[in-house]
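Only one structure is covered here, and it is reproduced in the block below.
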Amino acid sequence: QVQLVESGGGLVQPGGSLRLSCAVSPSIFNFRAVGWYRQAPGKERELVALIPISGSTTYSDSVKGRFRISGDNAKNTVFLQMDNLKPDDTAVYYCNTKGLYGDSWGRGTQVTVSS
């Protein structure tokens, strides 16, 4: 059974930084891709960043140059480093894996960017 546990969300001022973590169980190597999505109030869930097993990392245009996704395979953890945060980045951020039987999701972690 897939388990994804996010952490690292919180309240930050515009221009600040946060790093989100996602503990993945079982091993990251069980999945075709791992990544992060977000959902703001009244909006649909959208892709933020995705790392495939093979191929290039994908970022949404709105976060390119500000966010960076990375993984620690030994610890089965995926990170999302978020810099120069903007109020429009306010959302619940969800960890996601894409496997043989479809997508799995964490419960999400709230990120609020406000002065």
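Here are some notes:
- Annotation note: of Leu18, Leu4, Leu50, the sole residue that is over 19 Å from Val113 (Cα atoms), among the aliphatic types (A, V, I, L, M), open to solvent by 20 Å² or more (accessible area, probe 1.4 Å) and under 12 Å from the mean Cα position of the chain (by Cα) is Leu50.
- For segment 65-80, the criterion of being in a strand (DSSP E or B), closer than 30 Å to Ser115 by Cα, touching a strand residue (DSSP E or B) at 6+ places or on another chain (Cβ under 9 Å) and touching a residue at least 60 places away in the same chain (Cβ under 8 Å) is satisfied by at least one residue.
- Residue check, Lys86 open to solvent by 80 Å² or more (accessible area, probe 1.4 Å), in contact with a strand residue (DSSP E or B) (Cβ under 7 Å, 6 or more places away or on another chain) and over 23 Å from Gln3 (Cβ atoms): yes
- Taking segment 60-115 as the range and being of a type in the set (Phe, Trp, Tyr), modelled with pLDDT of 95 or more and over 14 Å from Ala40 (Cα atoms) as the test, the residues that pass are Phe67, Phe79, Trp105.
- Residue pairs whose Cβ atoms lie under 7 Å apart, separated by 6 or more positions or on different chains, with the first residue in segment 24-46 and closer than 14 Å to Val2 by Cα and the second assigned to a loop (DSSP other than H, G, I, E, B) and open to solvent by 80 Å² or more (accessible area, probe 1.4 Å), are Arg32/Ile53; Ala33/Ile53.
- Residues satisfying the stated conditions in segment 39-60, i.e. within 16 Å of Asn73 (Cα to Cα), assigned to a strand (DSSP E or B) and hydrophobic (A, V, I, L, M, F, W, C): Leu50, Ile51
The values are calculated or read from the model by the stated rules, or taken from the named source; none is laboratory data. Just so you know, these numbers come straight off a predicted model, no measurement behind them. Don't worry about glycine lacking a Cβ; one is built from the backbone with ideal geometry, like all the others, and counts go over all protein chains shown. With ligands, DNA and RNA removed, areas are computed over all heavy atoms of the protein, side chains included. Shrake-Rupley method; radii C 1.70, N 1.55, O 1.52, S 1.80 Å.
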